[in-house]
Structure formats: structure tokens, C-alpha cells
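The values are calculated or read from the model by the stated rules, or taken from the named source; none is laboratory data. No experiment lies behind these values; they were computed from the predicted model shown. Please note: Cβ atoms are built from the backbone with ideal geometry, for glycine as well, and neighbour counts cover all protein chains shown.
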Amino acid sequence: MFIVTNREIRPKRSGVDILGKKPNAKGPNELRVVEAVRKAGKWRLEVLPDEMSAAMKKEIGASDEEDHITDYVAHKLLSSVNPRAIDPKSKRKGKNLLVFVHGFNNDIEDVLERSRQLSRNYGVEVLAFSWPANGGGPISGTASYKSDKRDAKASIGAFDRTLAAIGDKLDKVSKQRLERVREKAAEKHPTNPELRDELIARTYDQGCPFTVNLLAHSMGNYLYKHLLLSTASEGKGMLFDNVVLCAADTNNLDHARWVDEIRCRRRVYVTINEDDKALQVSRMKSGDEQLARLGHYPFNLYAKYAAYVQFTDATSVGRSHAYFEGDPLKNAKVKRFFKRALNGERVDGRGDRDLTYEPASNTYRL
């Protein structure tokens, strides 16, 4: 598993303690890539160098132009989500890619365990972006919450750079695939441009074996919101198939301003649980900004390009804040929603038996 992070690096520590609670000493925009492996019930973390070693280059068969660590990570992820892109003879089944942004008060072990559960429950390859969401030190309650909000805002640039790197690598893969498709279509229909273009469109669409999706949880939505509201952002590009804004710990008020800035190939899903205990506590924090939270307020839902999904009163959900894991998954409809949404499928189509559209509230009820 790979983690992209702007947390502080503590090289003298081991295990999960390699990554600290504060932003990187070089500044909150400083990014490092960490590879995490779980063995004998414990996490082993390795902070990867900015440039590939000779052994890494040999491992992936890097070209002369490939020397940055992002090339190495892209190759490793691609070998998981699309094995045949690396080895045309591979018989391994690919996965879809899920970019996960966690929320308030998550230490690195929380992030790793949650990413592991997402991978196990939904069969996805998880790439986590981890920001210093621990209050930055030994503080708790309202002070810690406000500190995390400041760290989230400070992490906008780092998250933006992460999305830019993902977009760059995907664009490279896409262009290579399109070039191959064009060559084959030209060979088959050398004198008929109409049939050639039709074959290119059909083959290119069928030849994309994986989707790329985003799950922003809790205060991770606050970070995503401020990235989208910035004047120049990679987050506004057509990067994801589905975007799931789960239990969003950000204001319901005027949320359409940033939610409608999200561009994706299929759907933006906003999930709501009116009984969400964490968001109820969040709203009680002092400060003018603590208005009704998007993830628990069933009114004022008017973003043009979002589908709102009501989990309130769904069996097993209760007061859960992270209803994509744990007991809520005892409800088959809950698990089915997240499995489909996080794998890039359209969940709110006609004939979907798990969701009922309620025009009065503009929501789909589970």
C-alpha cells in the first residue's frame, strides 16, 4: 500500500511512528511517498526516496525518462489495477483505484487500517493521502478540532500536487493506449475515416479496464472544498469516475459553490446520516463556522451535479460516522452502495432496487 503525505518524517523511529503528527519540517507542501506492508499483525513503513534507486529502475524496467519516485509508484499501482498493461500475458484480475482522504483526528495507524479495510471490503487498490490530522500535538477537544482545520487548509497545496501527479501519470497511460488503438484502427480501415473513428471510440472505451474514484471522509471534505475553491487547482480536472463525499464535516450552507466545481465522468455522491454522532458533536464546537454540517443536514440540498444519498434510519447504520465499514456493512444494501460507488459504477440508475428517490428532499433513500 502506498501513502502520499505531508506529515513530518522521523527517520530515527520505526513502524508507524516514522510519520508524526505535525506537518513536514520543510513546510506543509512537502510531499513524501511511503510504502506500507503489514506483516505478523504489524505495519512496516518505508519512506521512499524522491528519485528511484538503480534497483527500483531495474525492478520496473524504467525508461531513460523515468527517474522520479512517482514513476515507480505509478508502475506498481498499474500492475495491480491493470496487470496486462505491464505484462500482456498476465492472467491476474485487475482492480479499480480508490484515492482516499481521511478526516479529523486520524493518526497514521488509523489511516492504514481504514485503507486496508476499504481494500478488503470493496476489492479496490487504495492510494491514501494523509495530512497531519492529529491536532498537531497533545491537545484535544475543540482546540484539537480547530488545529486540524488549520492543518487541513495548510495541506491544500500538498493535496493539489498529489492530484496533479496522479493526473499526469493517468494521462500518460491514456495517451499511450489511444496511440495503440489509433494504429490498429488505421490498419483495419485505412480508407474509411468514419469506420476508423467509430472503431477508435469503441475500442478505446472498452480498453480502459479500471476506474479511478475518490472517497473524501469527514474533514477530508473540508480540505477538498478549499482546494476546489482555490483559483488554480488540479482538483478541477476530469480525474475521477466517481467522487463520494461521505459524512462531510463542512458547512451545508453554500456547499453547491464547491460541489458543483467537481468534474467527474459519472457521479458525485453526497452521503447523509442525520444521526451521525461525530457530526453532531462537531456542530457543537465553538466558532461561527460551525453551522449545520453537510453530512448530517437533510435540507438545502440543491447542488446541480450531485446525488444525495440518505443513510438515516437504514438498518445497522445507527449513529455511525464511517458507515462504509464495521457494523453498517451488516446491511447488504449499505455494502452494495459503497462497493458500486467506490468501483466507479452508477448507483442511482433507473431500476435500482436499493435506492428510492424522494423529490421533496431531492435525496435517494437507502
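Using the structure shown, decide if Phe311 is buried (at least 18 other Cβ atoms within 10 Å of the Cβ), within 20 Å of the chain's Cα centre (by Cα) and in contact (Cβ under 8 Å) with a residue 24 or more places away in the chain.
no
Test Asp275 against the criterion of being within 20 Å of the chain's Cα centre (by Cα) and in contact (Cβ under 8 Å) with a residue 24 or more places away in the chain, and give yes or no.
It is false that Asp275 is within 20 Å of the chain's Cα centre (by Cα) and in contact (Cβ under 8 Å) with a residue 24 or more places away in the chain.
Kindly indicate whether any position in region 238-247 is at pLDDT below 95 and exposed (fewer than 15 other Cβ atoms within 10 Å of the Cβ).
yes
Only residues that are surrounded by fewer than 17 Cβ atoms within 10 Å (Cβ to Cβ) and among the small types (Gly, Ala, Ser): list them for region 332-366, please.
The answer is Ala332, Gly349, Gly351, Ala360, Ser361.
For Leu19, state whether it is among the hydrophobic types (A, V, I, L, M, F, W, C), farther than 26 Å from Phe104 by Cα, within 21 Å of the chain's Cα centre (by Cα) and buried (at least 17 other Cβ atoms within 10 Å of the Cβ).
The answer is no for Leu19.
Among Leu329, Leu301, which is the only one that is under 22 Å from the mean Cα position of the chain (by Cα), buried (at least 16 other Cβ atoms within 10 Å of the Cβ), within 25 Å of Phe104 (Cβ to Cβ) and in contact (Cβ under 8 Å) with a residue 60 or more places away in the chain?
Answer to the check: Leu329.
List pairs: first in region 7-21 and without any contact (Cβ under 8 Å) to a residue 24 or more places away in the chain, second surrounded by 13 or more Cβ atoms within 10 Å (Cβ to Cβ) and part of a strand (DSSP E or B), Cβ under 6 Å, 6+ apart or cross-chain?
Hits for this filter: Arg10/Gly20.
Under the condition of being assigned to a loop (DSSP other than H, G, I, E, B), surrounded by 15 or more Cβ atoms within 10 Å (Cβ to Cβ) and on the phi < 0 side of the Ramachandran plot, which residue from region 68-113 is nearest to the chain's Cα centre (by Cα)?
Step one: list which residues in region 68-113 are assigned to a loop (DSSP other than H, G, I, E, B), which gives 82, 87-95, 102-107.
Keeping just the survivors that are surrounded by 15 or more Cβ atoms within 10 Å (Cβ to Cβ) gives 82, 94-95, 102-107.
Going one step further and asking which of them are on the phi < 0 side of the Ramachandran plot, we end up with 82, 94-95, 102-104, 106-107.
Values: Asn82: 18, Gly94: 18, Lys95: 15, His102: 9, Gly103: 12, Phe104: 16, Asn106: 16, Asp107: 18 Å.
Restricting to residues being assigned to a loop (DSSP other than H, G, I, E, B), surrounded by 15 or more Cβ atoms within 10 Å (Cβ to Cβ) and on the phi < 0 side of the Ramachandran plot, the top hit is His102.
Residues in region 28-77 that are out of contact with any strand residue (DSSP E or B) (no Cβ under 9 Å at 6 or more places or on another chain) and closer than 21 Å to Ser174 by Cβ: how many?
9
Starting from region 342-366, keep only residues that are within 18 Å of Asn213 (Cβ to Cβ), then list their pairs with residues that are at pLDDT 95 or above and part of a loop (DSSP other than H, G, I, E, B) whose Cβ atoms are within a distance under 8 Å, requiring at least 6 positions of separation or different chains.
Leu342/Phe324; Asn343/Gly123
Could you look through region 22-53, keep only residues that are basic (Lys, Arg) and surrounded by 12 or more Cβ atoms within 10 Å (Cβ to Cβ), and pick out the one that is nearest to the chain's Cα centre (by Cα)?
The residue in question is Arg32.
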